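Data first, discussion second: the structure below is written as structure tokens.
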Amino acid sequence: MNAFASWLLSLAHTLFNPGFCPGDWVFATSAAGALIALFPVLGAVIVALMRKFTGNTYDAVTISVIAVTGLVTVFLLPWLLANGVSGTFRAAYAGQPSGLSGAELSTIGRDYCGFIGKQSEYLGGGQNVFETLFYPSGSKLAYGYYLGALIGLPVASLFFVILQARTAMRRGQKWPGRLLWVPFVLFVVFSSTVEANTAVHLWLGFLPITVLGLIPVALVGPPPWAVINRPRQERKPEPPPRPMPQQPPPAAPPNKQYAPTAVAPAQQLASAPGPVPVPPGSTANGSGRYRRIRRLGHGGFGTVWQAVDNQLGRTVALKIAHAPDRDTEERMRREARALAMVSHPNCVKVYDLVEEPDGLALVMEYLEGQALGTAVDGQGPLEDIAAGRLWATMAGALQAAHEKGVLHRDIKPSNIILDPSGLPHLIDFGIARSRGDSTMTATGMMIGTPDFVAPEQAAGAAASPASDAWQLAATVSYALSGYPPRGTRESPMAALMAAARAEPASRLPQRSAHARLLIASLDNEPRRRPTLNAVRHEVEGWLGRAGKSPDGPVTRIVPRQQSATRALPPRG
């Protein structure tokens with residue numbers, strides 16, 4: 001390694017050796033420091049390239065590669081080369097073999113400046129870093145110079161090495177970056193044996209390269225979202241060995257005919273295959289298929305019941321309209337068609353549309369939990385991580401609906417259910433409309449909830465994916481602040497008028513990390529709003545940089561005394 005260090009120093013002298021004060025070999029030492037600084041940059045680039053294929057998967061192999069890369073490129077090679085350069089100058093000063101040519105040795109003893117003296121003595125005949133800092137022998141001015149150069153320059157270099165590591169870890173957790181910059185701290189500590197004047201000029205060349213090294217690491221770029229969101233392939237457990245039979249089973253009669261397996265009609269099968277348990281008290285042969293247990297909700301349109309499917313033995317939700325007229329039945333069929341077309345784990349599933357004694361009933365998946373509005377009203381607003389997960393998950397659910405040509409048109413806190421594990425589910429597609437559906441003939445029906453209706457909808461314009469995006473952003477704003485974005489009004493008509501006048505949002509969360517994206521998503525002009533896809537990528541990127549998964553629970557609550565400072569006061 002000493003021979004390699006001598007070669008590196010000769011290369012630096014060939015590349016950069018101006019013949020003026022403080023001397024060609026002093027300048028060559030700084031050039032050698034710049035060449036040594038390329039190794040930590042190379043390590044960060046290697047890690048950034050590796051993450052292009054591994055994303056945020058940090059298993060034993062990935063961590064080992066990052067750790068070895070950091071130890072070799074950030075600690076071992078720079079440390080050996082810095083000590084090798086210092087050893088070359090010491091050998092040249094002592095007249096020992098140094099690895100430099102005779103022509104080079106003839107110039108190393110040249111005197112360029114009065115305060116430098118002979119370069120060989122200046123670079124190889126003084127105290128090392130440890131002795132200079134802890135056993136100073138010169139004046140206070142000289143000690144201050146060495147203190148600033150031998151501590152200030154390494155600390156500044158450490159700052160940019162940390163930035164290189166964080167840049168290499170974009171869209172992911174930042175803690176693996178310590179495997180890149182902690183070895184640099186070891187390099188600084190173990191370099192205390194380098195001759196002090198040599199170390200000063202090595203650091204003078206090292207620092208600019210650490211600054212410029214951010215450019216190639218940034219150009220590599222973060223790993224693509226497809227790699228980050230790639231599901232892990234878990235190893236399936238091996239099946240237990242089958243026990244050896246004591247005796248062979250009897251052979252079936254050769255001419256025996258087996259009856260075909262009876263299969264229930266397709267419309268009666270559950271959405272997920274598997275055995276269906278029959279709960280106690282169910283009546284599989286009763287007069288009605290659905291036995292109602294308790295009422296879950298009651299509104300202007302109809303009543304929702306928790307019920308048991310007597311044929312399949314599962315709990316369902318029955319949505320039964322109050323007035324089974326023609327328009328109501330059309331609305332029920334519209335919701336059934338909309339939900340049947342959408343397949344997303346965070347959208348409520350529809351099972352059937354049946355005739356009940358008191359009207360047409362929509363049979364849906366039963367979601368146990370509480371509405372988002374109830375959770376926020378009772379426990380306080382969500383914090384940024386939980387709200388980000390809510391936004392990203394619901395944006396994905398709406399995007400899946402829009403890809404099928406289905407608009408929800410009534411997204412609000414009461415239409416998002418948080419299950420016991422804290423995951424959100426979008427419900428109530430009751431006023432959803434698919435492209436190609438006929439317009440409903442009922443008059444006087446308000447499309448959406450006034451506090452959460454988009455301005456263009458309130459003004460009478462047709463709904464669009466941008467309208468759903470506005471309503472979702474308004475719901476997220478409510479989850480963060482506890483208030484609708486335009487504030488509350490004394491009556492639904494006043495809230496509808498405020499929406500139609502496109503009054504600006506006055507109750508946005510002020511200190512949330514999502515404030516900028518909320519302002520953009522609640523723009524009164526639909527064409528200026530970011531798409532749901534852009535919103536989802538932005539929020540998932542923020543969660544990734546925070547080291548959080550976008551598919552976690554959203555039930556973490558902010559105490560009310562803290563949430564009071566998160567919303568702007570109402571205007572006017």
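Nothing in this text is a laboratory measurement; each read-out follows from the coordinates by a stated rule. Please read these numbers as outputs of a predicted model, since none were measured by experiment. Heads up, the Cβs are rebuilt from the backbone with ideal geometry, glycines too, and the neighbour counts pull from every protein chain shown.
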Among Lys349/Lys412; Lys319/Lys548; Lys52/Lys404; Lys174/Lys404; Lys118/Lys140; Lys319/Lys412, the pairs whose Cα-Cα distance exceeds 28 Å are Lys319/Lys548; Lys52/Lys404; Lys174/Lys404
Using a 10 Å cut-off on Cβ atoms, rank the peptides 41-48, 462-469, 527-534 from the highest mean neighbour count down. 41-48, 462-469, 527-534
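Report the calculated FRET efficiency for Val155 and Ala67 (r = Cβ-Cβ distance, R0 = 25 Å), to the nearest 0.05.
Efficiency at R0 = 25 Å is approximately 0.60.
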Taking the convex hull of the alpha-carbon atoms of region 371-429 and averaging its shadow over every direction gives an area in square nanometres of 4.1 nm²
May I ask for the net charge around Val304, where only other residues with Cβ less than 11 Å from the Cβ of Val304 are counted and Lys, Arg are +1 while Asp, Glu are -1? +3
Mind listing the long-range amide H neighbours of Tyr290? Cut-off is under 5 Å, sequence gap 5 or more, other chains count too, H placed in the peptide plane at 1.01 Å from N. Asn310
Highest average packing first - 3-13, 194-204, 58-68, Cβ atoms within 10 Å: 194-204, 3-13, 58-68
Stretchable slack from Thr531 to Met497, in nm (0.36 nm times residue separation minus alpha-carbon distance): 9.6 nm
Karplus ³J(HN,Hα) for region 359-374 (6.51 cos²θ - 1.76 cosθ + 1.60, θ = phi - 60°; Hz, whole; x = Gly/Pro) runs x, 6, 10, 9, 9, 10, 4, 8, 10, 7, x, 10, 5, 4, x, 5
Which of the peptides 80-89, 141-150 is most tightly packed, and how do the rest follow, going by the mean number of other Cβ atoms within 10 Å of each residue? 80-89, 141-150
With all distinct Cα pairs included, what does the Kirkwood hydrodynamic radius of region 2-223 come out to in Å, to one decimal, could you say? 18.1 Å
Put a dot 7 Å past each Cα toward the Cβ at Leu296 and Thr488; how far apart are the dots in nm? 2.6 nm
With a Förster distance of 25 angstrom and the Cβ-Cβ distance between Val211 and Lys52, calculated FRET efficiency to the nearest 0.05 equals 0.55
Give me the distance in nm between label points sitting 7 Å out from Cα along the Cα-to-Cβ direction at Val189 and Ala340, one decimal. 6.9 nm
